[in-house]
Amino acid sequence: MATYFVTLTDAEDKALHTVAVDGNEWITNAVKERCRIAMEEIIHQEVQRKLAAGEPITGTKEDIVLSAPTVPLKELDRQRRAAMLREFALVANNREGQ
């Protein structure tokens, strides 16, 4: 398990408390929600990889995430950019067809 610490300036802390009663709780919830989204992305990619390879899908969500190959951020960024460009192309093609 990992522990992270965040240091805010007085101005940042004041700003945070304009949107959150408990800054620590808000930060914890924001980070945990982003982690949940990333875990769902990893699970989806790992399930697709295992299906394509004919491998069984076993374990809990956490097991799947922990056993998934680590993809460097640079590669993830490239994959996300490519997916975004494909999506934009589909939208553009749909607009042209209307």
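Coordinate-derived values only; no laboratory data. Because the structure is a prediction, the values reported are computed rather than measured. Here Cβ is always computed from backbone atoms with ideal geometry, including for glycine, and neighbour counts include all displayed protein chains.
Taken over the chain, lysine pairs spaced eight or more positions apart, or on distinct chains, with alpha carbons under 23 Å apart number 5. Between the beta carbons of ARG34 and GLU55, assuming R0 = 35 Å, the FRET efficiency works out to 0.80 to the nearest 0.05.
Between beta-carbons, use under 13 Å as the cut-off and find the net charge around LEU85, counting Lys and Arg +1, Asp and Glu -1.
Working: positive: ARG78, ARG80, ARG81, ARG86; negative: ASP77, GLU87.
That sum, taken over residues with Cβ under 13 Å, equals +2.
How many times 2.2 N^0.38 Å is the alpha carbon radius of gyration of the chain? Write out the running numbers ahead of the final one.
Numbers: Rg = 19.3 Å, N = 98, 2.2 N^0.38 = 12.6 Å.
Rg over 2.2 N^0.38 Å, computed on Cα atoms: 1.53.
Net charge near ARG36: determine it from the other residues with C-beta under 14 Å of the C-beta of ARG36, scoring Lys and Arg +1 and Asp and Glu -1. Numbers along the way, then the final one.
Working: positive: LYS32, ARG34, LYS61; negative: GLU33, GLU40, GLU41, GLU62.
That works out to -1.
For ALA68, neighbours were defined as the other residues whose beta-carbon sits under 15 Å from its Cβ, and their charges (Lys and Arg +1, Asp and Glu -1) total -4.
Among the chymotrypsin sites (Phe, Trp or Tyr not before Pro) in the chain, those placed in a DSSP loop whose Cβ has at most 11 other Cβ atoms within 10 Å are TYR4, PHE5. Between ASN94 and ALA15, with labels modelled 7 Å along Cα→Cβ, what's the label distance in nm to one decimal, could you check? The two pseudo-label positions are separated by 3.5 nm.
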